[in-house]
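Structure record follows, encoded as structure tokens.
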Amino acid sequence: MDWKSIGLKVGLEIHQQLDTKKLFCDCSSELCEEVAGTFVRKLKAAEGESGEIDLAAKETAERNLVFRYEVIRGSTCLVECDEEPPHALNPEALKIVLSIAKHLNAEVLDEIHVMRKIVVDGSNTTGFQRTALVAVGGKLKVGEKEIGIPTLCLEEDAARKMEMEGQEVTYRLDRLGIPLIEIATTPDLHTPEEVREVAERIGLMLRATRKVKRGIGTIREDLNISVGGGARVEIKGVQELNLLPEYVKNEAMRQLKLVEVSKKLQERNAMVVDKLFDVTPVFAGSNSKVIKSALNSGGKVLAVKLIGFAGLLGKKWEEMHRLGSELAQHARVFGLGGIFHSDELPNYGITAEEVARIRELLALAENDAFVLAAGDGEKLERGLRAVMQRARVAIAGVPEETRDPLPDGTTRYSRPLPGGARMYPETDVPPIRVTPSLMADLIPIEEFEEKVARFSREYGISTEIAGQIIRDWRDLEFESLCAKFPAAISEIARVLTNTLGEMQGRGLDVEKLSQPVLEEIFCAYISGKFAKEGIEKVIEAFLLGAPTIEKAIEKSGVAKLSVEEVEKVVEELLAAHPEIKAKPNPEGALMGLAMAKLRGRADGKTVNDVVRKKLSGSPQV
Amino acid sequence: MNYEEFLKQKGLEPGDVVKIDTITGTVQGILMPHHEFSDEGVLVVKLKNGYNIGLAIEKIKGVELVQKRKTVREEEGSVERSPELPDVAVVGTGGTIASYVDYHTGAVHPAKSPGELVKAMPELFRVANIHPEILFSVLSEDMDVKMWQQIAEKVAEKLRNGMGVVITHGTDTMGYTAAALAFMFTSLPCPVVLVGSQRSSDRPSSDAHLNLLSAVRFAASADVGDVCVVMHEGTSDNRCAVHPGTKVRKMHTTRRDAFRTVNAREAGYVDGEKVVVNGNLRKPGPLRYDTRMEERVNLLYYYPGMSERLFRAHFEGAKGVVIAGTGLGHVNSRFVPVVRDYIRQGCAVVMTSQCIHGTVNMNVYSTGRELIRAGVIDGKDMLAETAYVKLMWVLAHAGNQDEVKTLMETSIAGEISARREV
């Protein structure tokens, strides 16, 4: 695919959790599984700044949801419950963002104002997310290209969505309020691979502050994607860096397909009839499970008439980029599952005869299509009205919208794109004047490439190894261990890369190897308690459950033997293999046998000395 | 230069769309009103993406007016009356329970017309024909005795027109107003409900919607002739508690369920369409009220180390003093003679407790016994605030000191409980 020719434009928004307390209260930002209690709330779409209710907020509120919130002790207080006003903005979090802003050569604003961004999907108990624009106009060099960073924001993370049952959505409050830095790029990324590269690059830069959280879900990307003739579509909350190119590709393809569909619809003068047709009588004796169960519980079957849509809805439900699945997704967000459209019928227990009767009832021409669904009252009507709205938009082209990423690299409609109407000032938090003293003592940020080069230079390790250490967040440990044990740099590098990787691959919990533990191991090694070859064995014994390093040394049997003990082993070997002396290279042969027995318990040089001594000291034949 | 001078000099005002050249670049946006804590030397501008930013005036090279501010839309409009629904007046006195935000000025305006209210809360009009009226718009802490009297007159007017009455009120002193109305209205044909919100109504999570809806339901349907407060029962948005107007107190600075009935059971609740009354409220009767109050009454909060001078100051020129005493109802024993002197001079002194929960009992310790001998009136388990309001009403109505004592020690509007449940 020639991405340039289709006019692919992608902008990234990276959200990274900062490793501080929460942004507007004194709660810990640790996640927790122990729920202390719950409460329920509803949200109402409030008027936005321009006096209009934001479309996205309104649509969400129309779904009439009830939100249950799980309270977590230690990481939830009255602030997260929206039972107490926010405290002042966390200065440590601000310092981190200011440091990054400076690193990206961005212009820090003179005064920072915290805003309320309306979000009524329940992920914020307040119904808004607090966010502040901190700096504008930054730049990031990736390879030869300079990517613009138009905005850097500091905002609060949302609550964790746990489950959804009917109209009730459960959220956990531990994540709500964790500080996030949001870094937006200009829409200057033109290939799926480039998107991944830039995202990774920004991620590494954030890590270099050492003040961000690590692990799944602590960094999330939003993608703004459009192709020529398409529209800006936002995919929110991608967690897997490696899936970024997939989402970009799939969204580009989806938009191209919709552009094509729209052209055809326009050619056919397509139209959506603004009426819901009651077709319940057609299904009096229906065999369709969905329809039967709806009718049994007093529901009805309604149909939508789509003039000129035949063949464009898609034959198979699962098939991607079909208009049919777009319509279904819009119905789904209003709680209406299982809509049927004429391109896929007869099927699902709906007979050809029933289809023919509907076509007749709706007076459909050959090129016309219909969508039908069964259910009751308001939910059914709302869902089908959403279908009509989506079908109408399809004639014009690709709608701007927000989509949710799915694990298979595709996306699903979530809500309309929020407008500017959703922001108003957070009057409970005073604005912050950015003074020179606030800009002093910023955190130095050493970019990935710089650090790799420095490690390679200062410690004499390869750039690959240096890169791996940094990517694995082991760089601080590495530098600290190297400073303490300068004689063991290559061993340290090996342990932090290969050994840990291997142990992790075997399912061992390498998190147990904290810095103090590693220090103890290298201290024992440097003071001669075991040989270089024994390091892995000691680590393994420790990870397998040895309570202390001392015990791990004992258990792994690598404790270094005294010279006398080595001599005894070599003597025994000589006695057992008298033929050795007759070999062309007796020293090499004996050395081989001895090392096989002593590896890890004596270093090579000692063994070699003993072997040489024993061979020369024995009586000549 | 500060922002006011700057705007004046440039002939600009908040709401104008401007293009600003600074030493670092150009910014276009809407001029915003100044935040109280914003730096004087900073202009606040709303960008197209919705964010507000502060720009230092000293860095500004030039400003260009792009578009003059749009005038704020006035929404009037009316709603057709449904004959099958009851009529409920919603009298605004302040607070932000039903309001919309003017984002040009940043001010929160109360919804004045039915049109505005229906826009803010359409579900209200399915419960009753709502007749909104703004009586005044004051902060709850600025409320005074004259205003209680004005509210009472307005309530009486609405009741005479056959309407139920809901009064929206700032929460800080809503308990005082509720108590005042409870004493002023000796007989009511239907409930008079006070309601407020702990989260302003411009937020999606505001408690205002459930509170106001529940208050209107209660006013429209409860078989009660009393003054009460309807507010969130818990932190959840599912149920509102009904509190008797003389026993209710704001017990938390921020929580939705800040209002609690003290020393009694709650008077009922509103759960969705269900309205439940527990029987602690007066039954409906003909409209009878009298708003006279003796304003020369003080509320004294005693604490260890209080000087005699300050203690005495509360009694100077006062017709009555309510003491929020320690524990069972005490003040420094040295002050007993002081109290005795003022009582002899004709000042009515009522003892209540700062413990809030539980009753006064001055028989248990010697200081208490001396206070009784000095003529201090037993406030029993009345809230100090309620006793303060009641004493104003009683002094305006009683003929002599004995009658004051009798009235103060008798429950007139449910303010005293004979027993306190475990």
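Read-outs: derived from the displayed coordinates by stated rules, not from any lab. Just so we're clear, the structure is a prediction, and the values are computed from it rather than from any experiment. Don't worry about glycine lacking a Cβ; one is built from the backbone with ideal geometry, like all the others, and counts go over all protein chains shown.
Annotations for the structure displayed:
- DSSP-defined beta bridges in the protein assembly as shown - what % are antiparallel, rounded to 5: 75 percent
- Per-residue mean of C-beta atoms belonging to partner chains within 10 Å, peptide B:32-44: 4
- Per-residue Cβ neighbour rank within 10 angstrom, fewest leading, A:274, A:110: A:274, A:110
- Lysine pair count for segment A:184-307 with Cα-Cα distance under 26 Å and sequence separation of 8 or more or different chains is 20.
- Peptide-level mean, for B:194-207, of C-beta atoms on other protein chains within 10 Å: 5
- The Cα atoms of segment A:424-558 cover 66, 37, 27 Å along the three principal axes, with the biggest extent listed first.
- The HN-Hα couplings worked out from phi for segment B:251-256 by the Karplus form 6.51 cos²θ - 1.76 cosθ + 1.60 (θ = phi - 60°) are 10, 8, 6, 10, 5, 5 Hz, whole numbers, x standing for Gly and Pro.
- Anisotropy class assigned to segment A:398-503 is oblate, per the alpha carbon gyration tensor with a/c at or over the 1.5 cut-off and a/b no larger than b/c.
- Kyte-Doolittle mean at least -0.5, axial Cα span of 18 Å or more - DSSP H helices of chain B: B:208-221, B:384-397
- Note, ³J(HN,Hα) from phi for segment A:152-166, Karplus 6.51, -1.76, 1.60, rounded to Hz, x at Gly and Pro: 10, 10, 10, 9, 9, 6, 8, 5, 7, 7, 9, 7, 9, 10, x
- Cα-based helix-to-principal-axis angle, A:377-396 vs chain A, degrees rounded to 10: 80 degrees
- Sum of -39500 (n - 2.57) over DSSP H runs of 4+, divided by residues of chain A (222 nm, nearest 500): -11000 deg cm²/dmol
- Low-density loop cleavage sites - GluC sites (Glu not before Pro) in segment B:287-328, where at most 10 other Cβ are within 10 Å (DSSP): B:316
- Ascending count of other beta-carbon atoms within 10 Å, so fewest first, for B:230, A:333, A:566: A:333, A:566, B:230
- Debye intensity ratio in log₁₀ form over the Cα atoms of segment B:197-350, taken at each q of 0.09, 0.14, 0.17, 0.20 Å⁻¹: -0.46, -0.85, -0.97, -1.10
- Here segment B:87-289 was treated as a single set of alpha-carbon atoms; its pair distances binned every 5 Å from 0 give 1, 8, 18, 23, 23, 17, 7, 2, 1, 0 percent.
- Under 22 Å of direct C-alpha separation, and excluding same-chain neighbours fewer than eight residues apart, residue A:532 reaches these lysines: A:484, A:512, A:551, A:555, A:560, A:568, A:597, A:605.
- Nearest-ten-degree value, helix A:604-617 long axis tilted from longest Cα axis of chain A: 30 degrees
- Only Lys, Arg, Asp and Glu carry charge here, each on its Cβ (+1 for the first two, -1 for the last two); on that basis segment B:217-334 has a dipole of about 260 debye about its Cα centre.
- Each of B:365, A:424, A:459, B:301 was scored by other Cβ atoms within 10 Å of its Cβ. Arranged with the fewest first, they read B:301, B:365, A:459, A:424.
- Cross-link partners of residue B:10 among lysines, defined as those whose alpha carbon lies under 28 angstrom from its own and excluding same-chain residues fewer than eight positions apart: B:19, B:46, B:48, B:59, B:61, B:68, B:70.
- Computed from Cα atoms alone, the Kirkwood hydrodynamic radius reported for chain B is 23.9 Å.
- Normalised by residue count, the protein assembly as shown yields a Cα convex hull volume of 278 Å³ per residue.
- Tilt relative to chain A, helix A:323-333 - C-alpha long axis, 0 to 90 degrees, to 10: 90 degrees
- Computed over chain B with a Gaussian network model linking Cα atoms closer than 10 Å, the most mobile of B:140, B:38, B:353 is B:38.
- The protection proxy used here, the mean number of other Cβ atoms lying within 10 Å of each residue, ranks peptides A:366-379, B:335-348, B:184-197 as follows, highest first: B:184-197, A:366-379, B:335-348.
- Size descriptors for chain A, from the alpha-carbon set: Rg then Dmax equal 32.9, 114 Å.
- Across peptide A:110-118, the average count of Cβ atoms from other chains found within 10 Å of a residue's Cβ is 6.
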